[in-house]
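Chemist: Sharing a structure here in structure tokens format.
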């Protein structure tokens with residue numbers, strides 16, 4: 001435990017120095033290259049080990065019989081915006097429609113424009129102004145040691161599960177392995193589902209880890225997730241999809257939050273499994289408009305599930 005605490009402290013100090021130190025440019029670049037090597041070769045392995053062990057079972061911060069889940073993907077907006085975290089329009093929508101303790105808001109990745117302390121501070125400041133409960137899903141914009149430390153500080157790991165009556169929600173990390181999920185996550189899911197029976201099984205991720213579209217379908221996913229099928233993801237290679245198809249008593253849903261910048265809302269159903277791609281899909285740099293969606297989910301302890309999708313307006 002002492003080694004873990006010291007490791008976390010050392011990582012935090014180095015991350016702060018890396019962002020705030022004021023050196024001659026040549027020395028700063030040298031310092032950054034040294035930090036990068038230490039950060040990626042030593043501390044990353046420590047971070048991943050901690051991430052694999054803590055905060056696996058999560059509880060909702062509300063105790064209502066009906067649980068409200070609000071799923072928002074790609075919340076930072078577009079590359080042309082100057083905001084550091086949640087786009088102002090996204091923030092106002094939350095403030096207007098979901099600003100109460102009964103709402104559990106999951107930010108499905110890319111809620112930061114860049115993975116820096118100042119961006120995290122900007123996000124946390126915005127969250128502090130709101131009354132809703134927030135949970136994070138790792139996106140490629142967040143994937144770095146700093147975000148793991150921030151997840152830990154909010155009592156989260158990068159993959160975990162929530163239970164509510166006959167429902168289970170799995171939060172997955174599709175950024176650690178580049179648009180895929182790791183073997184440890186697959187084992188984690190299989191073990192949990194082999195021991196328990198649920199009416200509804202819900203998966204939350206940033207990337208569309210299930211994406212395997214043809215060339216025509218790929219036009220719907222004009223973002224990083226369109227490359228998923230090229231990578232031979234564990235989702236298929238390790239037979240997670242085949243495993244899920246054998247579960248006959250459950251309804252299964254996948255929600256991914258990578259539909260931003262150049263992509264719109266997507267909905268598919270294959271072999272009784274429902275797949276949704278959502279996010280703040282607005283691109284103001286082109287004449288083409290992309291309409292993203294927010295997913296509103298109501299879970300009843302009895303197992304009933306209600307889905308609703310609304311525009312960002």
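The values are calculated or read from the model by the stated rules, or taken from the named source; none is laboratory data. Quantities reported herein were computed from a predicted structural model and do not represent experimental measurements. For neighbour counting, all protein chains shown are included, and Cβ atoms are generated from backbone atoms with ideal geometry for every residue, glycine included.
Chemist: Taking the stretch 287-313, which residues are part of a loop (DSSP other than H, G, I, E, B) and either within 19 Å of residue 276 (Cα to Cα) or at pLDDT 90 or above (or both)?
Modeler: Within the stretch 287-313, 290, 291, 292, 304, 312 meet the criteria.
Chemist: For residue 138, all conditions in the list (1) at pLDDT 95 or above; (2) touching a strand residue (DSSP E or B) at 6+ places or on another chain (Cβ under 8 Å) hold save one; what is the number of the exception?
Modeler: Unmet for residue 138, out of (1) at pLDDT 95 or above; (2) touching a strand residue (DSSP E or B) at 6+ places or on another chain (Cβ under 8 Å): (2).
Per-residue answers, yes or no, for (1) assigned to a helix (DSSP H, G or I); (2) at pLDDT 90 or above; (3) within 19 Å of residue 52 (Cβ to Cβ); (4) not assigned by TED's automatic domain parsing to the domain that holds residue 134:
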position: 157; (1), (2), (3), (4): no, yes, yes, no
position: 162; (1), (2), (3), (4): no, yes, yes, no
position: 202; (1), (2), (3), (4): no, yes, no, no
position: 222; (1), (2), (3), (4): no, no, no, no
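Chemist: Mind checking which residues of the stretch 94-111 are farther than 12 Å from residue 62 by Cβ, touching a strand residue (DSSP E or B) at 6+ places or on another chain (Cβ under 9 Å) and not in a helix (DSSP H, G or I)?
Modeler: Of everything in the stretch 94-111, those that are farther than 12 Å from residue 62 by Cβ, touching a strand residue (DSSP E or B) at 6+ places or on another chain (Cβ under 9 Å) and not in a helix (DSSP H, G or I) turn out to be 98, 106, 107, 108, 109, 110, 111.
Chemist: Take residue 190 and tell me if it is touching a helix residue (DSSP H, G or I) at 6+ places or on another chain (Cβ under 7 Å), at pLDDT 90 or above and either within 17 Å of residue 245 (Cβ to Cβ) or assigned by TED's automatic domain parsing to the domain that holds residue 295 (or both).
Modeler: yes
Chemist: Step by step: first the residues of the stretch 71-86, then only those that are at pLDDT 85 or above and out of contact with any helix residue (DSSP H, G or I) (no Cβ under 6 Å at 6 or more places or on another chain), then the one that is surrounded by the fewest Cβ atoms within 10 Å (Cβ to Cβ). Which residue is that?
Modeler: 83
Chemist: Tally up the residues in the stretch 177-200 that are buried (at least 21 other Cβ atoms within 10 Å of the Cβ) and outside any helix (DSSP H, G or I), please.
Modeler: 4
Chemist: Mind checking whether some residue in the stretch 54-70 is under 19 Å from residue 264 (Cα atoms), assigned by TED's automatic domain parsing to the domain that holds residue 170 and either crowded, with 21+ Cβ neighbours inside 10 Å or touching a helix residue (DSSP H, G or I) at 6+ places or on another chain (Cβ under 7 Å) (or both)?
Modeler: yes
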